[in-house]
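Single-structure report; data block below.
The values are calculated or read from the model by the stated rules, or taken from the named source; none is laboratory data. A quick note: this is a predicted structure, and the numbers were derived from the prediction, not measured. Please note: Cβ atoms are built from the backbone with ideal geometry, for glycine as well, and neighbour counts cover all protein chains shown. Keep in mind that these areas ignore ligands, DNA and RNA; they rest on the heavy atoms of the full protein, side chains included. Shrake-Rupley method; radii C 1.70, N 1.55, O 1.52, S 1.80 Å.
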Amino acid sequence: MSWEYLGYLASALLVISLTMTDVTKLRWFNLLGCIAFTFYGAAIGSVPVAFTNGLLALVNIYHIIKLYRQSKADTKKGLTFKLTLFVLLNFV
(Lines give C-alpha, C1' and ligand atoms only; values in the text may rest on other atoms or scores of the structure.)
Protein backbone atom coordinates (compact mmCIF):
# COMPACT_ATOMS: atom_id res chain seq x y z
CA MET A 1 0.00 0.00 0.00
CA SER A 2 1.27 3.42 -0.88
CA TRP A 3 1.50 5.64 2.20
CA GLU A 4 0.12 8.48 0.10
CA TYR A 5 -3.32 6.84 0.18
CA LEU A 6 -3.23 6.78 3.98
CA GLY A 7 -2.54 10.52 3.91
CA TYR A 8 -5.53 11.06 1.62
CA LEU A 9 -7.73 8.94 3.88
CA ALA A 10 -6.61 10.91 6.93
CA SER A 11 -7.32 14.20 5.14
CA ALA A 12 -10.77 12.99 4.10
CA LEU A 13 -11.61 11.98 7.67
CA LEU A 14 -10.60 15.40 8.97
CA VAL A 15 -12.67 17.17 6.31
CA ILE A 16 -15.66 14.93 7.07
CA SER A 17 -15.28 15.68 10.78
CA LEU A 18 -15.58 19.40 10.14
CA THR A 19 -18.91 18.91 8.35
CA MET A 20 -20.54 17.35 11.42
CA THR A 21 -23.12 19.32 13.38
CA ASP A 22 -23.02 16.84 16.28
CA VAL A 23 -19.92 17.54 18.39
CA THR A 24 -19.56 13.90 19.44
CA LYS A 25 -19.49 12.70 15.83
CA LEU A 26 -17.06 15.51 14.99
CA ARG A 27 -14.70 14.32 17.75
CA TRP A 28 -14.88 10.67 16.64
CA PHE A 29 -14.17 11.41 12.97
CA ASN A 30 -11.43 13.84 13.95
CA LEU A 31 -9.90 11.22 16.23
CA LEU A 32 -9.84 8.68 13.39
CA GLY A 33 -8.25 11.24 11.09
CA CYS A 34 -5.60 12.12 13.68
CA ILE A 35 -4.78 8.45 14.25
CA ALA A 36 -4.47 7.91 10.50
CA PHE A 37 -2.22 10.97 10.20
CA THR A 38 -0.11 9.73 13.12
CA PHE A 39 0.50 6.43 11.32
CA TYR A 40 1.09 8.28 8.05
CA GLY A 41 3.63 10.61 9.67
CA ALA A 42 5.44 7.66 11.25
CA ALA A 43 5.42 5.75 7.95
CA ILE A 44 6.98 8.58 5.98
CA GLY A 45 9.37 9.49 8.77
CA SER A 46 7.86 12.88 9.55
CA VAL A 47 8.13 13.38 13.30
CA PRO A 48 6.22 16.71 13.34
CA VAL A 49 3.21 15.17 11.55
CA ALA A 50 3.17 12.08 13.77
CA PHE A 51 3.78 13.99 17.01
CA THR A 52 1.25 16.76 16.38
CA ASN A 53 -1.52 14.40 15.31
CA GLY A 54 -0.74 12.04 18.18
CA LEU A 55 -1.24 14.93 20.60
CA LEU A 56 -4.44 15.98 18.82
CA ALA A 57 -5.71 12.39 19.08
CA LEU A 58 -5.20 12.58 22.86
CA VAL A 59 -7.08 15.89 22.97
CA ASN A 60 -9.98 14.31 21.07
CA ILE A 61 -10.03 11.32 23.44
CA TYR A 62 -10.15 13.70 26.41
CA HIS A 63 -13.11 15.60 24.94
CA ILE A 64 -14.95 12.41 23.96
CA ILE A 65 -14.68 11.14 27.54
CA LYS A 66 -15.81 14.54 28.82
CA LEU A 67 -18.83 14.53 26.48
CA TYR A 68 -19.90 11.05 27.59
CA ARG A 69 -19.51 11.90 31.28
CA GLN A 70 -21.53 15.09 30.80
CA SER A 71 -24.21 13.13 28.96
CA LYS A 72 -24.49 10.65 31.85
CA ALA A 73 -24.72 13.48 34.40
CA ASP A 74 -27.41 15.23 32.36
CA THR A 75 -29.39 12.00 32.14
CA LYS A 76 -29.26 11.56 35.91
CA LYS A 77 -30.36 15.16 36.46
CA GLY A 78 -33.20 14.71 34.01
CA LEU A 79 -34.42 11.54 35.73
CA THR A 80 -34.23 13.19 39.15
CA PHE A 81 -36.23 16.17 37.87
CA LYS A 82 -38.85 13.92 36.26
CA LEU A 83 -39.19 11.82 39.39
CA THR A 84 -39.55 14.92 41.58
CA LEU A 85 -42.14 16.36 39.19
CA PHE A 86 -44.04 13.06 39.15
CA VAL A 87 -44.11 12.88 42.96
CA LEU A 88 -45.23 16.50 43.27
CA LEU A 89 -47.99 16.17 40.69
CA ASN A 90 -49.34 12.89 41.98
CA PHE A 91 -49.07 13.28 45.72
CA VAL A 92 -49.64 16.97 46.38
Inset, instruction - For LYS66 and VAL15, calculate 0.36 nm times their separation in residues minus their Cα-Cα distance, and state this gained length in nm to one decimal. - result: 16.1 nm
Inset, instruction - Would you kindly derive the ³J(HN,Hα) couplings of segment 48-63 from the backbone phi angles with the Karplus curve 6.51 cos²θ - 1.76 cosθ + 1.60 (θ = phi - 60°), listing them in order in whole Hz, with x for Gly and Pro? - result: x, 5, 5, 5, 4, 6, x, 5, 5, 4, 5, 4, 5, 4, 4, 6
Legend entry - With DNA, RNA and ligands ignored, accessible area of LEU14 (1.4 Å probe; Å², nearest 10): 40 Å²
Inset, instruction - State, to one decimal in nm, how far the label point of ASP74 lies from the label point of SER46, with both points 7 Å from Cα in the Cβ direction. - result: 3.6 nm
